[in-house]
Each structure stands twice: as C-alpha cells, then as structure tokens.
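Q: Mind having a look at this structure? Questions to follow.
Computed from the coordinates by the stated procedures, all read-outs in this text should not be read as laboratory data. This structure is a prediction, so every number in the text was calculated from the model and none was measured. Every residue, glycine as well, gets a Cβ built from its backbone with ideal geometry; the counts of neighbours run over all protein chains shown.
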Amino acid sequence: MKIAMIGARGIAAKYSGIETHLEELCPRLVERGHKVVVYARRYFTTCQDYRGVKIVALPTIRTKHIETLLHTLVATVHSLQSDADIVHYHAQGPAVFSLLPRLNRKVSVVTCHGLDWQRGKWGTFARWCLKGGELASVVFPNAVIVVSRSLHDYYTGRYGATKVHYIPNGVRNAVPRLPTLLKSVGLEPNRYVLFVGRLTPEKGCHYLVEAYQNLDADMKLVIVGAPAYTDSYAQSLRESGNGKVLFLGTVFGDLLEELYSNAYLFVLPSLMEGLSISLLEAMSYGCCVLASDIPQNAEVVGECGLLFKAGDASSLSHTIRRALAEPHAVRQLGNAAKQRVSLYYDWDSVVAKTEELYSYVLGNERDASLGMAEARE
C-alpha cells in the first residue's frame, strides 16, 4: 500500500505526541513493505528520508490559527497528485480536508489524538472551528481511529459512528539508562519528580507547581517541555516556581531517556488528553506514575500507578506526599507499570491493527468502485 500522512509537523519527533506517533508508526509500516510519505512543515525539518519514510517538506505560515490548516490544504493537494492509495490525516483540525481524497478515488483515514477544541490555548471562534473538524472526522473519511477507549466511547455515544476504530498509541520496550548526563543539569538519580509535556493550560502544570510549593520536600521538581503559542502561561509557571522547580525546556534523546530512567516519580496533572505518550514512556522505563483521574489517564494507569483528583492542587500535593513516604511501594508500582504497557501498548501490535484497517477500508473502496463500474455497464 502507498500511504500519505498529513497533519503532523514532521518526523523525527521534536514537538508533540503526533510527531512521536508517526516516528514510531511509519518506519514500521515501511518494514512491512508499504510506501509511506509524511508531509512535513518546511521550518520543522529539512531531511528527505527517515528510516525509509519519504519526507515531503512543504511551506506554511507560522501563526497559531492558520498554520495547520494551510499546511494541510497544501499537503492534501500534493497528495491528490501522487500515487497514494490512502491519505491519513492526524488530529481533528486537518480532518476538514479528509473528503477531498475520497472525491479523487482515494481512501482517507483520520486519527483523533484528542478533543482538540478542549485545549486551553484556543479562543471561542477557534473552538467552534475545531468542533467542526470533529464532525468532519466522522462524516468525511472512510474510517476514523481513536487512540483511547474513552475517546471511542465519546465518538460512538455522540455520533453513533460505526466506522470508529480503537487503536491506541504504543510505546517501545525501553531499556533504563544509567545516570551519566544528569549531573550536567544539576540532578541526582532518584532525587527528583518529573513532568514531560507541552506547557499549555490543559496539561495542568500550574496545579503541579502549586502543589509542590505546599510540600516540604528535598526533591526537585523537573519540568520538561516548551510552550505551544502559550508563552505567557509558561512565563507564569516560571515565576511561580520560586526556585523549587527546574525548567529544562525541550529535551529529547539520551538525556530524556535518563530523566525517565532515574526519576523517583513521574507526574501528569492534565485536564484533558487523548492518550498521553509521555505517560506511556514513563511507565515503559519502570517509573512510578501519578496522574490526574481523567478517564484517558485512568485507563492507561489501571492499578499500576497513583491517581489524584484532576484540577485539585491539594489532592495532588497529598498524593505526592504519600508517594514520597512510601519508596518501596513506588518501586513496586514502577515495575508493574512497565509490565502493563508492554502488554497493552506494544507498537508492533498497533502497526498490525493499523495495517489491517488500511486493508479493510481499501478493499471496501475498491469493491464499491467495481460495483459502480458494473452498474454503469
């Protein structure tokens, strides 16, 4: 099969969960014999190939409200002139263009990575547009993929959509790293609490910083991530940290792996998620996780981590204090978390299910085209 991926900034991952998703998914599809093209934004990447995946970098305008839609439109037009069998859109905004491939006798698929209109960075008009993208993601494509069971329940409950398929994000079987780089950022193994994610309001970092101010803890709070058109929010976090919080900005590669491997506790205080890849990654390194009790986090954590009441700094502070007082239980939960994600969130299984869905919708489309041709005859 020939597959075009649209909606991400590109690969390799340097920004968000969608980029990480494609970095893992696309090379595995290539290994299975498929031709995969990822449409990237020219400012994001200059490479033309990534582990056998062809990268097509196209221009856009770097603004909060039209960057994604403009790039999606340009990429869609390019894909319609290509030999792609399947055009696969990622996120609800890009889904508004998912009808165009079908009008050109190609299959279109949309993956919903989260309810984008719920993100705190958007104003009223942008939220309204993104809700339109949500509806488009159900009506326009041949199939829609959702990355969590709670998203599946939302889609089927709201739209009764029979073409909604649950295929979660995955995670690699991580090998913990020894602490060789931690000293360079002033950290010691097992002496810090970690957050990894974008610095946007829906990630709930303000609750985490507030909760940490109420703790008499000799461990540092380490926040890894950068703002996404939310500079004022990120600045307010830094100002409220009062020296107890270490902001490292964007971190990838060996240092990020060391941070996961040697953290005492990983905290995800988000108010909304699709299915957090950073949560999966922390669990894959055997790190004990503490997450807000939203359904998307609870289904990942199961009984293998700690939950607190979402949006409640007091509940978060109490749960961190409990974890700091019970190191043996923290180690046990970390080991259980590693086993859980290896069982339920394996990338090879994710790729196999995606490939199966592609074959199914492509076969249906060809059968429909054949039926129409026979009817004309």
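Q: Rounded if a/c is under 1.5, else prolate if a/b is larger than b/c, else oblate: which is the chain, with a ≥ b ≥ c the root eigenvalues of its Cα gyration tensor? Numbers along the way, then the final one.
A: Working: a/c = 1.89, a/b = 1.82, b/c = 1.04.
Verdict is prolate for the chain.
Q: Could you tell me how many degrees, from 0 to 90 and to the nearest 10, lie between the Cα long axis of helix 327-344 and the main elongation axis, the longest principal axis, of the Cα atoms of the chain?
A: Helix 327-344 sits at roughly 10 degrees to that axis.
Q: What is the helix-to-structure angle for 149-159, meaning the angle in degrees between its Cα long axis and the longest Cα principal axis of the chain, kept from 0 to 90 and rounded to the nearest 10?
A: That works out to roughly 50 degrees.
Q: Over 21 Å between Cα atoms, which of K2/K54; K35/K353; K2/K131; K183/K244; K2/K106 qualify?
A: Values: K2/K54 11 Å; K35/K353 17 Å; K2/K131 30 Å; K183/K244 17 Å; K2/K106 11 Å.
From K2/K54; K35/K353; K2/K131; K183/K244; K2/K106, over 21 Å: K2/K131.
Q: DSSP loop trypsin sites (Lys or Arg not before Pro) in the range 259-363 with at most 16 other Cβ atoms within 10 Å of their Cβ, which ones? If you can, show how the numbers build up before the last one.
A: Values: sites: K309, R321, R322, R331, K338, R340, K353; in loops: K309.
Qualifying residues, ordered by number: K309.
Q: How do S276, S82 line up, fewest other C-beta atoms within 10 Å first? Intermediate results must be reported in sequence, preceding the final value.
A: Details: S276 25, S82 13.
Least crowded to most crowded, the residues run S82, S276.
Q: Now, a different point. Nearest 10 degrees, 0 to 90: what angle lies between the long axis of helix 67-80 and the longest principal axis of the chain (Cα atoms)?
A: On a 0 to 90 degree scale, this one is about 40.
Q: So if I place +1 on the C-beta of Lys and Arg and -1 on the C-beta of Asp and Glu, and nothing else carries charge, what would the dipole magnitude of the chain be about its Cα centre? I want it in debye, nearest 20.
A: For the chain, the charge dipole is close to 600 debye.
Q: Ordered by packing density, taken as the mean number of other Cβ atoms within 10 Å over each peptide's residues, highest first, how do 109-115, 289-295 rank? Intermediate results must be reported in sequence, preceding the final value.
A: On the way: 109-115: 25.4, 289-295: 22.0.
Final packing ranking: 109-115, 289-295.
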